[in-house]
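Novice: The structure that follows is given in the form of structure tokens.
Where a number appears in this text, it was derived from the coordinates with a stated rule and is not lab data. As the structure is a computational prediction, the values presented were derived from the model and not from experiment. Positions of Cβ are generated from backbone atoms using ideal geometry, with glycine treated the same way; all protein chains shown enter the neighbour counts.
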Amino acid sequence: MDILFPMAGQGARFGHRFKPFLLIDHEPFIAAAVAPFRAVLDRIDRFVFVYLEEQEKQFEVSAHLREMFRDLPIETVRLDRPTRGPAETIARGIEGACSSGEVFICDCDHALDVRGLFARAAAAPWDALLPVWPLDGESLASWSVALVDEGRVTAIAEKQMPEAGTGTSMGVIGCYGFHDIGDAVARASSLGATNFSDVLRAMLVENKRIDAVRIQDARFFGDPERLAKATRGTE
């Protein structure tokens, strides 16, 4: 499968700097985010990084990525204009990369042990896979929130509790899988979706199988406070 990293954001929480190249423990965010996938390289065709042409001009992104990941199969897709959110970024990136079938879409501001996700992906049929994390002490404003009942997602909402559904509320880490990325992108387009939670909610209405995998080990560094905690090793 392909692993896609949408990187066309404006980095507002970090003073509008190019977030993938900010440092955590002396390595770029994107290097930390990619590192856990090295444990499952036999399941991966390529890593695809999607970002803006303007970012390429400012930060020489493709050259740095080739140097950073010279031992990995990588591809870059450059977009000519900003997008409204990750769903649109990936929709346009998929077209540029010609990806199909099973795909994981991952943010560059966290690093998580993905072995459980890949084990679940190989074990039984699924339409989408969501890595989830306990919400104890967390602000809902930082998360998509899923209700999980015996490993199945019953409802999902963006930055709030779902209004219906059964199960335990869990935060969705932004590294989720779609069994058919073409279908997911088509749904995003028809919905005018900015976030993939909109796509997942529509899939649930159609009784598609969306499974949750509880992640045991992760570091989050998507804002200055989380970065400080992750650097100190307290998260």
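Novice: Evaluate the distance, in nm, between pseudo-label points positioned 7 Å from the Cα of residue 160 and of residue 71 along their respective Cα→Cβ axes.
Specialist: 4.7 nm
Novice: Give me the count of lysine pairs in segment 2-232 whose alpha carbons sit under 23 angstrom apart, restricted to pairs 8 or more positions apart or on different chains.
Specialist: 5
Novice: Another question, if that's okay. For 159, 57, what's the fewest-to-most ordering of other Cβ within 10 Å of each Cβ?
Specialist: Exposure proxy ranking, most exposed first: 57, 159.
Novice: Just to confirm my understanding: which cysteines in the chain have no other cysteine beta carbon less than 4.7 Å from their beta carbon?
Specialist: Cys with no partner Cβ under 4.7 Å: 98, 108.
Novice: Within a 10 angstrom radius of the beta carbon, how do 68, 1, 170, 161 rank from fewest other beta carbons to most? Present the calculation step by step, with values, prior to reporting the outcome.
Specialist: Working: 68 17, 1 20, 170 23, 161 12.
Placing the least packed residue first, the sequence is 161, 68, 1, 170.
Novice: Additional query: Just flag the trypsin sites (Lys or Arg not before Pro) in segment 59-134 sitting in loop per DSSP whose Cβ has no more than 14 other Cβ atoms within 10 Å.
Specialist: 70, 84
Novice: Measuring from label point to label point, each 7 Å out along Cα→Cβ, what is the residue 26 to residue 62 span in nm?
Specialist: A separation of 3.1 nm, rounded to one decimal place.
Novice: I've got another one for you. Rank the residues 100, 190, 62 as a footprinting-exposure proxy: fewest other Cβ atoms within 10 Å of their Cβ go first.
Specialist: On the way: 100 13, 190 10, 62 16.
Starting with the residue having the fewest Cβ neighbours, the order is 190, 100, 62.
Novice: Based on the Cβ-Cβ distance of residue 191 and residue 53, what FRET efficiency does E = 1/(1 + (r/R0)^6) give at R0 = 25 Å, to the nearest 0.05? Numbers along the way, then the final one.
Specialist: On the way: r = 26 Å, r/R0 = 1.05.
The formula returns an efficiency of 0.45 here.
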